[in-house]
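As structure tokens, the structure follows; a few thoughts come after it.
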4 protein chains.
Amino acid sequence: MKAYVYGTKRELPEGFEEFADATHTAIVSIDMHQGHLADSPDCPCPAPRAREIVAPIDLFHNEARALGVPVVHVKTVLRKGGVDDVRGIKSAWRLTFPLYVGDIPNADEHAIEGSRWTELVTRVAPTDVVVASKKRLSVFYPTDLDFLLRNMNVRTVVLNGGFTDCCVLNAAFDASNHNYRVVVVRDLVRGTNEEMEEAALKIVSLHLGLVMDSADLLDAWRSVLTAHAAE
Amino acid sequence: MKAYVYGTKRELPEGFEEFADATHTAIVSIDMHQGHLADSPDCPCPAPRAREIVAPIDLFHNEARALGVPVVHVKTVLRKGGVDDVRGIKSAWRLTFPLYVGDIPNADEHAIEGSRWTELVTRVAPTDVVVASKKRLSVFYPTDLDFLLRNMNVRTVVLNGGFTDCCVLNAAFDASNHNYRVVVVRDLVRGTNEEMEEAALKIVSLHLGLVMDSADLLDAWRSVLTAHAAE
Amino acid sequence: MKAYVYGTKRELPEGFEEFADATHTAIVSIDMHQGHLADSPDCPCPAPRAREIVAPIDLFHNEARALGVPVVHVKTVLRKGGVDDVRGIKSAWRLTFPLYVGDIPNADEHAIEGSRWTELVTRVAPTDVVVASKKRLSVFYPTDLDFLLRNMNVRTVVLNGGFTDCCVLNAAFDASNHNYRVVVVRDLVRGTNEEMEEAALKIVSLHLGLVMDSADLLDAWRSVLTAHAAE
Amino acid sequence: MKAYVYGTKRELPEGFEEFADATHTAIVSIDMHQGHLADSPDCPCPAPRAREIVAPIDLFHNEARALGVPVVHVKTVLRKGGVDDVRGIKSAWRLTFPLYVGDIPNADEHAIEGSRWTELVTRVAPTDVVVASKKRLSVFYPTDLDFLLRNMNVRTVVLNGGFTDCCVLNAAFDASNHNYRVVVVRDLVRGTNEEMEEAALKIVSLHLGLVMDSADLLDAWRSVLTAHAAE
């Protein structure tokens with residue numbers, strides 16, 4: 001099995017089998033919605049670098065579903081009126097991110113319930129599961145994701161989606177703290193910029209889990225499933 | 001008020017007053033214990049770069065206490081026998097970190113209850129508070145830190161300690177998700193290496209909170225407290 | 001201020017002011033939906049005794065809104081297909097409750113997303129807040145209620161709704177553990193039967209918070225608000 | 001398998017096998033410490049009715065250990081100085097319980113770290129596990145119990161200890177919400193008084209899990225283990 005260790009692809013030694021155990025795995029796809037991906041001036045929290053991974057994520061999800069690996073889409077949805085963010089305790093990024101990228105004109109509309117900004121751009125199949133209660137950066141707190149994964153008997157999560165150095169990295173921290181094995185799919189995540197993307201993947205590889213190419217993960221899953229079937 | 005935005009020190013605009021509100025702030029000092037800092041071959045999880053910040057952290061804590069800002073020390077303590085880690089579901093870092101740094105000889109002794117590896121190296125004053133139930137990377141889950149901070153009426157946490165790109169970064173994610181304002185003290189944290197340290201601080205500055213020098217934070221606290229006293 | 005102590009209404013001594021501080025209070029109204037209240041044979045989790053409190057709860061909420069106390073409706077919503085309950089790890093009540101009441105014919109349809117069984121029967125005003133992610137008995141875990149209440153700067157929760165000895169009692173335990181002051185409104189809750197209802201209210205009064213009549217609570221709120229206005 | 005349904009002992013139908021699966025079970029023994037059990041006037045939170053179950057619990061734990069069922073002792077430990085309770089946000093019981101039982105002279109000393117009031121009266125065997133971070137009524141929040149049980153691969157919890165209608169009932173709610181199967185051992189719990197004890201056990205039997213005699217549970221465990229061994 002091949003993974004990136006501090007940016008370099010290597011063959012892993014024994015001991016990482018759980019990470020590729022397709023029978024106890026779920027994909028967690030993070031915030032691939034219009035609020036990040038819309039190519040329009042009123043996009044409330046633009047992540048333009050992630051637009052190019054919409055199609056590859058859809059393809060990967062198709063392969064995963066065919067192998068019986070469930071897909072969980074997590075997306076941010078904030079209540080109208082702002083009670084849980086802009087008129088409550090504001091998300092930190094609303095204060096800090098503009099220091100770097102400048103003013104974000106429509107940021108208050110980010111993820112508002114019922115608006116187009118909560119629509120997923122990646123395909124949601126009828127068998128997929130949606131967690132639509134993400135409020136800040138974490139996919140775990142304060143959502144029911146951990147509760148859900150336990151009901152699904154999942155032990156390994158495979159992460160893809162936008163903002164490698166933000167929500168994806170946060171998900172990797174949370175999932176590993178909650179005793180899940182973590183795989184971040186290198187070709188299916190994008191960061192704020194290339195530097196932060198590479199750095200976040202290095203952090204994952206040091207402390208949190210495996211950084212793998214989707215093709216290598218699919219290969220590993222197929223080997224495991226073939227071995228299972230042969231038993 | 002001055003902070004580092006993506007690595008560059010700048011004067012901040014208005015809107016960041018809460019971050020320096022010394023009257024609702026606690027310092028959270030992370031894992032400054034022998035298990036990371038001991039300069040001996042059996043140190044179970046060495047963080048040698050952090051040894052140089054022991055004395056500066058102690059000085060900073062003295063100043064903070066004098067200003068009435070409480071100090072909370074969080075440290076990892078694992079049960080003897082390994083039920084909550086090496087004989088349960090192993091921490092991810094035990095699998096991934098050796099891929100980068102090589103074998104860690106005494107890692108199984110890391111943070112074992114009752115051992116010297118749980119002893120804090122930084123000074124604990126009688127009025128300080130200790131959270132001794134950290135189990136993985138997070139200072140929040142599964143500990144009582146959030147519960148404690150709420151009892152203390154804290155709204156802003158100031159982070160220092162070892163592993164900027166690991167437990168400190170994780171704490172910054174968790175704290176911001178739990179609606180605390182976050183300050184990471186740049187001169188009082190150390191990372192796996194310089195590259196990861198700089199990257200983690202950039203990630204904090206983009207999405208999670210402020211990266212400040214301790215001298216600037218102390219100045220800001222003093223201004224706020226003087227203003228309060230004058231009211 | 002008057003409250004029921006172990007079933008007997010008494011005048012309270014000093015020290016309970018926080019419980020009636022209307023300026024830091026939210027009402028949490030629990031599961032007043034068709035799945036419990038519909039008077040039809042396919043009602044998936046019947047709580048017929050609670051039908052009589054729909055109108056009184058609506059009246060109470062009107063008074064509360066007029067005084068500026070926010071109303072939060074919490075309701076159970078389970079995903080289609082049963083991934084988070086009947087095809088995951090089944091709710092305990094599905095196993096135990098039929099031992100007492102006999103078979104519940106349509107129980108698998110309970111709270112299914114998009115069905116009529118998730119429709120609130122009590123009125124939801126435009127300024128109310130809805131938490132639609134309750135999965136088991138608790139209104140806190142795994143929902144975002146605590147996160148929400150903190151954003152709303154709430155310190156006291158006032159509980160009403162169905163199943164005094166079940167979800168209401170659970171909410172009183174959770175809220176008190178999360179450091180909220182708790183008031184259960186005696187005339188606006190109903191239990192499995194009269195015996196369990198009285199017992200649950202006694203348990204609340206011993207360990208968890210105040211059991212009050214709605215009229216007494218409204219009086220207490222008005223006194224507090226008048227005092228505030230006079231300041 | 002026999003259990004009490006609303007106070008009446010009955011033979012259960014099929015479908016409750018998980019509750020007696022000794023191979024995925026842990027006992028959670030709650031707060032059997034001097035702070036509740038000491039027969040002295042300065043006992044800070046007296047639960048005199050529970051003194052009579054110390055010896056029976058010890059015997060039950062011996063039998064369980066012999067069958068390979070782990071014992072987890074959970075106890076309340078509060079920080080010196082009161083930061084997490086009497087000088088923070090006071091536990092609700094400190095306000096409400098005296099309304100019923102009258103003033104509790106030494107209540108401020110309850111569970112203070114390092115004092116005799118945190119000493120367990122029941123026997124702790126070397127293989128037992130201790131959770132010493134309970135802060136309020138819940139054994140789950142804000143402790144690491146759920147984290148620990150997951151590391152132990154536990155799916156069923158068996159509860160014993162003091163205050164059937166308080167911490168034991170709370171534990172039953174929490175455990176069932178966290179997807180554990182729950183057994184409350186009828187002869188190994190004691191309530192505030194007989195009325196509350198019976199009521200709490202009825203509530204458990206309706207909504208949360210099984211109420212069983214220890215002898216019946218031991219029998220059921222032995223049958224399961226014999227069947228396993230025969231496989």
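The values are calculated or read from the model by the stated rules, or taken from the named source; none is laboratory data. Please read these numbers as outputs of a predicted model, since none were measured by experiment. Note: ideal-geometry Cβ built from the backbone for every residue, glycine included; neighbour counts use all protein chains shown.
When residue C:162 is tested against (1) in contact with a strand residue (DSSP E or B) (Cβ under 9 Å, 6 or more places away or on another chain); (2) modelled with pLDDT of 95 or more; (3) buried (at least 22 other Cβ atoms within 10 Å of the Cβ), just one condition goes unmet, and that condition is (2).
What do you reckon, is residue C:69 closer than 29 Å to residue C:198 by Cα, of a type in the set (A, V, I, L, M) and surrounded by 22 or more Cβ atoms within 10 Å (Cβ to Cβ)? Criteria met by residue C:69. In the condition set (1) in contact (Cβ under 8 Å) with a residue 40 or more places away in the chain; (2) assigned to a helix (DSSP H, G or I); (3) touching an Asp or Glu at 6+ places or on another chain (Cβ under 7 Å); (4) not aromatic (Phe, Trp, Tyr), residue D:65 is compliant with all but (3).
Consider region C:111-138 and keep the residues that are in contact with a His (Cβ under 9 Å, 6 or more places away or on another chain), in a loop (DSSP other than H, G, I, E, B) and more than 13 Å from chain D (Cβ to nearest Cβ). The one that is surrounded by the most Cβ atoms within 10 Å (Cβ to Cβ) is C:111. The lone criterion from (1) over 18 Å from residue B:71 (Cα atoms); (2) facing chain A (nearest Cβ under 10 Å); (3) touching a Ser or Thr at 6+ places or on another chain (Cβ under 6 Å) left unmet by residue B:181 is number (1).
Suppose the filter is more than 14 Å from the chain's Cα centre (by Cα) and among the hydroxyl-bearing types (Ser, Thr, Tyr); does residue A:138 pass it? Break it down into steps so the answer makes sense when it comes.
Numbers: more than 14 Å from the chain's Cα centre (by Cα): no; among the hydroxyl-bearing types (Ser, Thr, Tyr): yes.
Considered against the rule, which asks whether it is more than 14 Å from the chain's Cα centre (by Cα) and among the hydroxyl-bearing types (Ser, Thr, Tyr), residue A:138 comes out as no.
Quick one: count up the residues across region B:203-227 that are under 16 Å from the mean Cα position of the chain (by Cα) and within 14 Å of chain A (Cβ to nearest Cβ). First the steps, then the outcome.
The initial filter retains those residues of region B:203-227 that are under 16 Å from the mean Cα position of the chain (by Cα), namely B:203-205, B:208-214, B:217.
Adding the requirement that they be within 14 Å of chain A (Cβ to nearest Cβ) leaves B:203-205, B:208-212.
So the count comes out to 8.
Of all residues in region D:25-53, those that are loosely packed, with under 15 Cβ neighbours inside 10 Å and not in a loop (DSSP other than H, G, I, E, B) total 2.
Kindly evaluate residue A:99 against the criterion of being under 26 Å from residue B:6 (Cα atoms) and among the aliphatic types (A, V, I, L, M). Judged against the criteria, residue A:99 is a match. When region B:68-77 is limited to residues that are of a type outside the set (Gly, Ala, Ser) and assigned to a loop (DSSP other than H, G, I, E, B), the one that is nearest to residue D:129 (Cα to Cα) turns out to be B:77.
Looking at A:214, A:176, can you tell me which residue is under 19 Å from residue A:10 (Cβ atoms) and among the hydroxyl-bearing types (Ser, Thr, Tyr)?
On the way: A:176 fails: under 19 Å from residue A:10 (Cβ atoms).
Step by step, each of A:214, A:176 is checked, and only A:214 is under 19 Å from residue A:10 (Cβ atoms) and among the hydroxyl-bearing types (Ser, Thr, Tyr).
For residue A:219, work out the one condition from (1) under 25 Å from residue B:176 (Cβ atoms); (2) among the acidic types (Asp, Glu); (3) surrounded by fewer than 22 Cβ atoms within 10 Å (Cβ to Cβ) it doesn't fulfil. Going through the list (1) under 25 Å from residue B:176 (Cβ atoms); (2) among the acidic types (Asp, Glu); (3) surrounded by fewer than 22 Cβ atoms within 10 Å (Cβ to Cβ), residue A:219 breaks only (1).
Only one of the numbered conditions (1) touching a Leu at 6+ places or on another chain (Cβ under 7 Å); (2) part of a loop (DSSP other than H, G, I, E, B); (3) surrounded by fewer than 21 Cβ atoms within 10 Å (Cβ to Cβ); (4) not aromatic (Phe, Trp, Tyr) is not met by residue D:80, and that is (1).
Quick check: is even one residue across region A:108-129 within 19 Å of residue B:140 (Cβ to Cβ) and at pLDDT 95 or above?
Of region A:108-129, the ones within 19 Å of residue B:140 (Cβ to Cβ) are none.
Looking for residues that are within 19 Å of residue B:140 (Cβ to Cβ) and at pLDDT 95 or above, one finds none in region A:108-129, hence no.
Across region A:95-107, not a single residue is classified as charged (D, E, K, R), more than 9 Å from every other protein chain (Cβ to nearest Cβ) and not in a loop (DSSP other than H, G, I, E, B).
Scanning region C:193-202 for residues that are within 14 Å of the chain's Cα centre (by Cα) and at the interface with another protein chain (Cβ under 8 Å from one of its Cβ atoms) gives a single hit, C:200.
Residue D:174 passes every criterion in (1) surrounded by 22 or more Cβ atoms within 10 Å (Cβ to Cβ); (2) in contact (Cβ under 8 Å) with a residue 60 or more places away in the chain apart from (2). Looking across region A:79-93 at every residue that is closer than 12 Å to residue A:113 by Cα and more than 7 Å from chain C (Cβ to nearest Cβ), the one that is farthest from the chain's Cα centre (by Cα) is identified as A:81. Within region D:139-164, the set of residues being within 14 Å of chain B (Cβ to nearest Cβ), farther than 20 Å from residue C:206 by Cβ and in contact (Cβ under 8 Å) with a residue 60 or more places away in the chain comprises D:143, D:145, D:148, D:149, D:152, D:153, D:154.
Screening residue A:4 with (1) outside any helix (DSSP H, G or I); (2) farther than 13 Å from residue A:217 by Cα gives one miss only, at (2). Just a yes or no: is a residue in region D:18-28 without any contact (Cβ under 8 Å) to a residue 60 or more places away in the chain and either of a type in the set (S, T, N, Q) or away from chain B (no Cβ under 14 Å) (or both)? Taking every residue of region D:18-28 in turn, none turns out to be without any contact (Cβ under 8 Å) to a residue 60 or more places away in the chain and either of a type in the set (S, T, N, Q) or away from chain B (no Cβ under 14 Å) (or both). For region D:89-110, which residues satisfy the criterion of being surrounded by 16 or more Cβ atoms within 10 Å (Cβ to Cβ) and acidic (Asp, Glu)? The answer is D:109, and nothing else.
Going by the structure shown, is residue D:18 of a type in the set (Asp, Glu) and exposed (fewer than 15 other Cβ atoms within 10 Å of the Cβ)? Criteria not met by residue D:18.
Scanning region C:7-24 for residues that are in a loop (DSSP other than H, G, I, E, B) and small (Gly, Ala, Ser) turns up C:7, C:15.
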